[in-house]
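The block underneath contains the structure these notes are about, expressed in structure tokens.
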Amino acid sequence: MRRVCLTLPTHRACSGTIAAIGEEAAYGAREFGVQVHLLILDSSPEPVLAEHRAAVAALPASPGVAVHHLDEDEQRAFLREVTERSGATSAAADRLLGLMLPSRVSYGACTNRAFLIAQALGCTSVHRRDSDSRYQHLDGEPVFPLHQELAHLGRRADDVRKSATRSKLPPGSGDRRVAVAGGSFVGEMSVDVAEIHKLDPDTYGELIGLSLPEGYPDFWRKHLIDESFRGAGNGTFDGDRTTLAPISPMRVDMCNIALDHEVYRRVPLPPAPDTIGSDYFLLHLAHDARLPGLQHNRHIVNFHTAERRTDAGFLAYQLRFAKFLLAKTYLNAVYARTAEAGDALLDAGGHIRASVVAGYVRDSVALDRTEVAHRLDVIERAYRRLGGRYTTVADTLAESRGPLLDEARDDMADFALLMDHWEALADASAEAGLEQQVRAVTR
């Protein structure tokens, strides 16, 4: 029986999301005859963790669904066994464990853990949701993205061409398997910058523009700035529409994504801490390698949690956004090379050549920091211009200038290191399995 991993990484209260994703898991198992491993990776503090345990215990038993709720101690135990099995030296194993389970928030690392645990569970795909999202409804029924993901992911592109609403496959890619299936979101912006736009549209454009590669004509640049972080707007689901094509990372969201194991078992995500957007790397890579994807319109509803509205939550999130803008100097250098390489990124079997990508990442570490330093100056001035509580962000950036510049570079070096060991870690995960943890936490 086909096994798939539906995962929810979280570090905050989301009992309602746990109940909803439990329904999606049951739907997938019932409608597609697959075994769904619902994996909740929980980094929440007590007593939130206790609330989540109660929410998991309240999930109704469903045929074909296995629920795994792992706190950080359980995740660490699994990862330590995997690093030891991978053949890494003791020093390297400790370093890898720190990259896979850092003490700070890491959007890439939490998904990397899901990838490895999915390998241990024998799953052929990972389907990710987020704690600050919920499902649309049609005629009173939830609209689950898992439907389109299970219907198309991993199948030969030419075999699903007729079932898609439209196809924009590049020539010669019809024999390749659908590597990514994804939708976007409706509702609030995925990044907390709406207030910046309201306060000062020019400053908003300046900051968002830093996320884009150089070289776009002004017209397209303005269009991309206007489109960024807005998802699918505020429309409502009224029926399925799908496009078979390499998926642009701007058209999907990581709260609504599924990846085939042939992608994530070869290349991980950047483990950069406190950096939003670090989890989109594989979407760029799959797009540039011209791997077929299935873009659908079962968009998830995005909302901002109350924690983001607090002073501490606001400051933390804006600093993560600033780190993302710094990281884009290095990431855009890598993306320029992957875009130029195109399907030369793939080996004869149509799989991503991880060593080539690792080389691009490692080369980026040597970039002159002048541009990164200039970006930080622009970001600091922009926040200071906004005034009010944004002044605190500017002050923090100024006080942390040296460490921020170092981290932006070092995060890419860490990513290259993780890539060097990743396939061994993925293989070790498959060998290790998850029997002990499953017995402890599976309902």
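Being in a helix (DSSP H, G or I) and surrounded by 23 or more Cβ atoms within 10 Å (Cβ to Cβ) is a property that holds for Leu425. Is one or more of the residues making up the stretch 274-295 modelled with pLDDT of 95 or more, over 20 Å from the mean Cα position of the chain (by Cα) and of a type outside the set (A, V, I, L, M)? No, the stretch 274-295 contains no residue that is modelled with pLDDT of 95 or more, over 20 Å from the mean Cα position of the chain (by Cα) and of a type outside the set (A, V, I, L, M).
Just the residues that are assigned to a loop (DSSP other than H, G, I, E, B), without any contact (Cβ under 8 Å) to a residue 24 or more places away in the chain and of a type in the set (Gly, Ala, Ser), please, taken from the stretch 180-227. Correct list: Gly215 only.
Note on the stretch 131-161: residues that are of a type in the set (Ser, Thr, Tyr) and part of a loop (DSSP other than H, G, I, E, B) amount to 1. For the stretch 360-407, filtering for residues that are of a type in the set (A, V, I, L, M, F, W, C) and open to solvent by 40 Å² or more (accessible area, probe 1.4 Å) leaves 3. It is to be established whether one or more residues within the stretch 234-249 are within 21 Å of the chain's Cα centre (by Cα), more than 30 Å from Ala348 (Cβ to Cβ) and buried (at least 17 other Cβ atoms within 10 Å of the Cβ). Within the stretch 234-249 (the criterion being within 21 Å of the chain's Cα centre (by Cα), more than 30 Å from Ala348 (Cβ to Cβ) and buried (at least 17 other Cβ atoms within 10 Å of the Cβ)), the answer is no, since none of the residues qualifies. Applying the set (1) open to solvent by 10 Å² or more (accessible area, probe 1.4 Å); (2) in contact (Cβ under 8 Å) with a residue 24 or more places away in the chain; (3) part of a helix (DSSP H, G or I); (4) not charged (D, E, K, R) to Ala312 leaves exactly one unmet item: (2). Is it the case, given these coordinates, that Asp410 is under 21 Å from the mean Cα position of the chain (by Cα), on the phi < 0 side of the Ramachandran plot and surrounded by fewer than 18 Cβ atoms within 10 Å (Cβ to Cβ)? Considered against the rule, which asks whether it is under 21 Å from the mean Cα position of the chain (by Cα), on the phi < 0 side of the Ramachandran plot and surrounded by fewer than 18 Cβ atoms within 10 Å (Cβ to Cβ), Asp410 comes out as yes.
Within the stretch 58-70, residues that are farther than 22 Å from Arg2 by Cα sit with their Cβ atoms under 6 Å from residues that are of a type in the set (Gly, Ala, Ser), at 6+ positions apart or across chains, in these pairs: Leu59/Gly22. Among the residues of the stretch 95-124, the ones that are among the charged types (D, E, K, R) and open to solvent by less than 30 Å² (accessible area, probe 1.4 Å) come to 1 in all.
To keep it simple, each residue is scored yes or no on (1) among the hydrophobic types (A, V, I, L, M, F, W, C); (2) closer than 26 Å to Tyr383 by Cβ.
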site	(1), (2)
Gly209	no, yes
Leu212	yes, yes
Tyr216	no, yes
Asp238	no, no
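The values are calculated or read from the model by the stated rules, or taken from the named source; none is laboratory data. Given the structure is predicted, the values throughout are model-derived calculations rather than measurements. So basically every Cβ, Gly included, is an ideal-geometry build from the backbone, and we count neighbours across all protein chains shown. Just the protein is used for accessible areas: all its heavy atoms, side chains included, with ligands, DNA and RNA removed. Shrake-Rupley method; radii C 1.70, N 1.55, O 1.52, S 1.80 Å.
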